[in-house]
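Please read the structure below before turning to the comments.
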Amino acid sequence: MSQTQHKIAVVGTGYVGLTSGACLAHLGHLVTCVDVDETKIKSISSGVMPIYEEGLAELVAGGQSSGNLGFTTSLEEAVRDAEFVFLCLPTPPGADGMADISAIRLVVMQLRGLLRPGTIIVNKSTVPVNSTYMVQELINEPSVDVVSNPEFLREGSAVHDFLHPDRIVVGCTNPIAGERVGALYFGTRSPVLVTDPVSAESIKYMANAFLAMKISFVNQAAEYCDSVGADVIEVMKGLSFDPRIGQTFLNPGPGWGGSCFPKDTKALVVSATESGSPMTLIEEAINANLMHIDHITRLITRAAESSRASEPRICLLGLTFKANTDDTRESPALAIHQRLVEHFTNVVVYDPLAKVPESHIFNRVDSLVDAIRDADVVAILTEWSEFAELQPDLVASHMRGDTIIDGRYLLNKQDFAAAGLSVISIGR
Ligand code: UGA
């Protein structure tokens with residue numbers, strides 16, 4: 001059986017919208033992506049992606065040349081013949097901590113009167129519970145169904161995640177509409193869970209909250225291992241054989257960040273408290289994360305203060321919240337940098353790809369070797385592969401000091417010790 005081709009409009013070309021549009025076109029659908037940002041649409045149409053996402057540029061080019069993928073700034077043009085309209089709009093934190101859905105409201109108001117009968121609106125944005133019902137009321141068109149279809153894409157591997165999903169979650173009141181949305185993903189051969197809208201919306205928040213809690217647990221376990229003299233990597237390996245715990249998301253690090261976990265955990269805490277069932281575990285996971293970032297900062301500070309230099313040079317390797325993305329939103333590395341420059345005058349940073357907010361002032365260099373040259377302390381904050389490949393002799397010959405804080409557990413301590421360098425990781 002092959003995939004039936006459907007006409008789809010994707011509203012919003014952020015990392016979720018653009019990835020979804022390009023992947024749906026790759027699965028054989030006829031997709032038009034629309035965005036109000038004319039510069040962005042021009043740039044994407046000419047092959048320049050607004051974000052770094054592995055495989056995305058190739059998929060967009062493939063979609064354009066097959067004729068399955070087009071771009072426009074006209075909402076009317078995009079949705080005119082669409083059977084499905086995907087909403088992939090920003091839902092930033094509002095003043096109350098919950099996701100602000102004003103962009104969704106605005107677009108849905110604009111969609112009124114533009115859709116042909118029987119169109120299905122599919123919401124992919126992360127939204128507070130009951131938003132699907134709210135959109136259904138707002139569109140006020142009995143033949144138009146609204147379906148929740150949360151995304152589970154990781155930045156850096158979003159294309160892979162879209163094409164090889166663990167599951168497709170569809171929340172609907174009309175099961176026929178739900179089935180039709182599930183069928184769009186036929187080519188991915190993944191299980192489809194059709195449920196009610198509020199459960200689908202909750203699955204998204206609970207999934208991110210659970211994963212954030214898991215990493216907070218791992219990072220606290222690393223601090224515990226430090227105190228008792230255990231090796232956190234061995235301990236997590238020991239846990240990973242248990243299928244109830246699982247093998248992934250057990251890597252200790254400098255704390256979790258990104259555009260999703262911090263925003264979604266806070267929103268869930270607010271919504272849970274408002275609903276009368278506070279999720280105190282998630283509040284604790286957030287606190288533990290902040291304390292862990294403090295802990296890493298203290299470790300770097302202590303190493304710098306105990307170096308012999310009067311103005312120690314601290315080199316931070318990595319600014320993005322994880323590797324294989326250019327995104328620095330809510331990155332622990334930014335927070336650590338901010339705190340260090342309040343105490344030290346000589347902090348240099350290197351990241352191969354990071355897009356840094358203009359408000360943040362850095363002494364940023366363009367090469368790894370320039371970054372480590374004359375450093376008294378080197379701290380690895382992102383797991384970029386080039387940091388994992390650092391050669392002990394090269395580092396030893398460029399550093400002035402001898403301490404490396406390996407916040408991502410990339411380096412082999414023995415190899416570096418042989419070159420006269422001390423590698424410190426929490427819980428090793
Ligand atoms: C996360 C979820 O993993 C996706 O499923 C979800 O769709 C996405 O949020 C979203 O809501 O849109 P993402 O923010 O791209 O994806 O990043 P993750 O790969 O989940 O990493 C989040 C943070 O946890 C990073 O700072 C990362 O370094 C950290 N992390 C992750 C660890 O410290 N250790 C681990 O073992 C895994």
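In summary, residue 365 fulfils each of the numbered conditions (1) more than 14 Å from the ligand (Cβ to nearest atom); (2) in contact with a helix residue (DSSP H, G or I) (Cβ under 8 Å, 6 or more places away or on another chain); (3) under 24 Å from residue 223 (Cβ atoms) with the single exception of condition (3). Remark: pairs (first residue in region 343-363, touching a residue at least 12 places away in the same chain (Cβ under 8 Å); second residue basic (Lys, Arg); Cβ separation under 6 Å; 6+ apart in sequence or on different chains) = 346/313; 349/364. Could you check region 348-372 and list, in sequence order, the residues that are of a type in the set (Gly, Ala, Ser), surrounded by 14 or more Cβ atoms within 10 Å (Cβ to Cβ) and under 23 Å from the mean Cα position of the chain (by Cα)? 354, the sole residue that qualifies. Of the residues in region 146-155, at least one is without any contact (Cβ under 8 Å) to a residue 12 or more places away in the chain, in the same structural domain as residue 52 (by TED's automatic domain parsing) and within 14 Å of the ligand (Cβ to nearest atom). Exactly one residue out of 119, 188 is away from the ligand (no atom under 16 Å from the Cβ) and more than 20 Å from the chain's Cα centre (by Cα), and it is 119.
Residue count for region 70-128, restricted to those that are hydrophobic (A, V, I, L, M, F, W, C) and open to solvent by 20 Å² or more (accessible area, probe 1.4 Å): 11. Quick check on region 176-183. Is at least one of its residues under 23 Å from the mean Cα position of the chain (by Cα) and open to solvent by less than 30 Å² (accessible area, probe 1.4 Å)? No; the residues of region 176-183 include none that is under 23 Å from the mean Cα position of the chain (by Cα) and open to solvent by less than 30 Å² (accessible area, probe 1.4 Å).
Exactly one residue out of 203, 215 is part of a helix (DSSP H, G or I), closer than 30 Å to residue 29 by Cα, open to solvent by 10 Å² or more (accessible area, probe 1.4 Å) and touching a residue at least 24 places away in the same chain (Cβ under 8 Å): that is 203. When each of 335, 388, 375 is tested for being surrounded by 16 or more Cβ atoms within 10 Å (Cβ to Cβ), more than 29 Å from residue 269 (Cα to Cα) and among the aliphatic types (A, V, I, L, M), the lone residue that passes is 375. Being open to solvent by less than 10 Å² (accessible area, probe 1.4 Å), of a type in the set (Val, Ile, Thr) and near the ligand (Cβ under 10 Å from one of its atoms) is not true of residue 232. Is it true that some residue in region 254-271 is within 29 Å of residue 148 (Cα to Cα), of a type in the set (A, V, I, L, M), away from the ligand (no atom under 12 Å from the Cβ) and crowded, with 16+ Cβ neighbours inside 10 Å? Yes, that holds for at least one residue. The residues of region 191-200 that are among the small types (Gly, Ala, Ser) and either within 14 Å of the ligand (Cβ to nearest atom) or open to solvent by less than 20 Å² (accessible area, probe 1.4 Å) (or both) amount to a single one, 200.
The values are calculated or read from the model by the stated rules, or taken from the named source; none is laboratory data. Quick caveat: nothing in here was measured; it's all calculated off a predicted structure. Every residue, glycine as well, gets a Cβ built from its backbone with ideal geometry; the counts of neighbours run over all protein chains shown. Note: areas computed on protein heavy atoms with side chains; ligands, DNA, RNA excluded. Shrake-Rupley method; radii C 1.70, N 1.55, O 1.52, S 1.80 Å.
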